[in-house]
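Q: Have a look at this one.
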Amino acid sequence: GENVEQHPSTLSVQEGDSAVIKCTYSDSASNYFPWYKQELGKRPQLIIDIRSNVGEKKDQRIAVTLNKTAKHFSLHITETQPEDSAVYFCAASRGGNEKLTFGTGTRLTIIP
Amino acid sequence: DVKVTQSSRYLVKRTGEKVFLECVQDMDHENMFWYRQDPGLGLRLIYFSYDVKMKEKGDIPEGYSVSREKKERFSLILESASTNQTSMYLCASSLLGAGGSNQPQHFGDGTRLSIL
């Protein structure tokens, strides 16, 4: 089955700097890669996703890149703000009714 | 806006008890999921269902069962609770996308279950 590895497990970044979180996956048939943000005590919420027919996707300060050959994808957050502090999870799926496999999470702390 | 409601935020039970966790979604989603979340382990899938009365095992189904008698409701059952099932349990739902494409999963607030 699919295995998703996520790094780093913790990340501290000065406010205004950029943050990058990386994930690798094992199943070359995976074609859907979402990222979820979970603030303390709250539910995970989708912040961005990418499908395998695209190499990069942006939404304001957030971007995701996908390298299918190397089987890795990354989340980039620019101009970080205190409200970006949360745990971020990557995930991968083959699509359709195939399940999502999640990474183990990255705790991002923005230092004011 | 999608609403996924879990019946309890906090629950305390004793070992050996049969425990029911309930989840209801209001958006007519075909797919529903149960995860457990533990520090350092991320979200691990217990069971999922893509239709009424259908169920599929996830990565860690041992000690759990599920029931989906109605489209909007997905129940997780701990047949005989044990202390190693103390965890945060998250329910999620999603649409079945056109052409079989994945659609975003929407999560409930979670149930923090303690087994004493």
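The values are calculated or read from the model by the stated rules, or taken from the named source; none is laboratory data. Model, not experiment: these values are computed from the prediction. Virtual Cβ from ideal backbone geometry, glycine too; neighbours counted across all protein chains shown.
Q: B:Glu17 fails exactly one of the following numbered conditions: (1) within 17 Å of A:Glu98 (Cβ to Cβ); (2) acidic (Asp, Glu); (3) in contact (Cβ under 8 Å) with a residue 60 or more places away in the chain. What is the number of that condition?
A: (1)
Q: Also, quick follow-up: Checking the structure you have, find out if any residue of the range B:90-99 is more than 10 Å from every other protein chain (Cβ to nearest Cβ), of a type outside the set (Lys, Arg) and at positive phi.
A: no
Q: Quickly run through the range A:38-58 and pick out the residues that are out of contact with any Lys or Arg (no Cβ under 9 Å at 6 or more places or on another chain) and within 25 Å of B:Gln37 (Cβ to Cβ).
A: Hits for the range A:38-58 are A:Gln38, A:Glu39, A:Leu40, A:Gly41, A:Lys42, A:Arg43.
Q: Might you let me know whether the range B:106-114 holds any residue that is assigned to a strand (DSSP E or B) and either on the phi > 0 side of the Ramachandran plot or touching a helix residue (DSSP H, G or I) at 6+ places or on another chain (Cβ under 6 Å) (or both)?
A: no
Q: Next up: Can you pull out the residues in the range A:51-100 that are among the aliphatic types (A, V, I, L, M) and either in contact with a Gly (Cβ under 9 Å, 6 or more places away or on another chain) or farther than 22 Å from A:Val13 by Cβ (or both)?
A: A:Val54, A:Leu66, A:Ala70, A:Val87, A:Ala91, A:Ala92, A:Leu100
Q: So, of the residues in the range A:99-112 that are within 14 Å of chain B (Cβ to nearest Cβ) and farther than 16 Å from B:His106 by Cα, which turns out to be surrounded by the fewest Cβ atoms within 10 Å (Cβ to Cβ)?
A: Once the filter is applied, the top-ranked residue is A:Arg107.
Q: Given the options A:Glu79, A:Glu83, name the one that is part of a loop (DSSP other than H, G, I, E, B), more than 9 Å from chain B (Cβ to nearest Cβ) and at pLDDT 95 or above.
A: A:Glu79
The rows are residues; the columns are (1) assigned to a strand (DSSP E or B); (2) more than 12 Å from the chain's Cα centre (by Cα); (3) not polar (S, T, N, Q).
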| residue | (1), (2), (3) |
| --- | --- |
| B:Met27 | no, yes, yes |
| B:Gly40 | no, yes, yes |
| B:Phe48 | yes, no, yes |
| B:Val52 | no, yes, yes |
| B:Arg68 | yes, no, yes |
| B:Asn84 | no, yes, no |
| B:Leu96 | no, yes, yes |
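Q: Those residues that are hydrophobic (A, V, I, L, M, F, W, C), surrounded by fewer than 20 Cβ atoms within 10 Å (Cβ to Cβ) and within 10 Å of B:Glu72 (Cα to Cα), I need them from the range B:1-44; list them, please.
A: B:Val24, B:Met27, listed by residue number.
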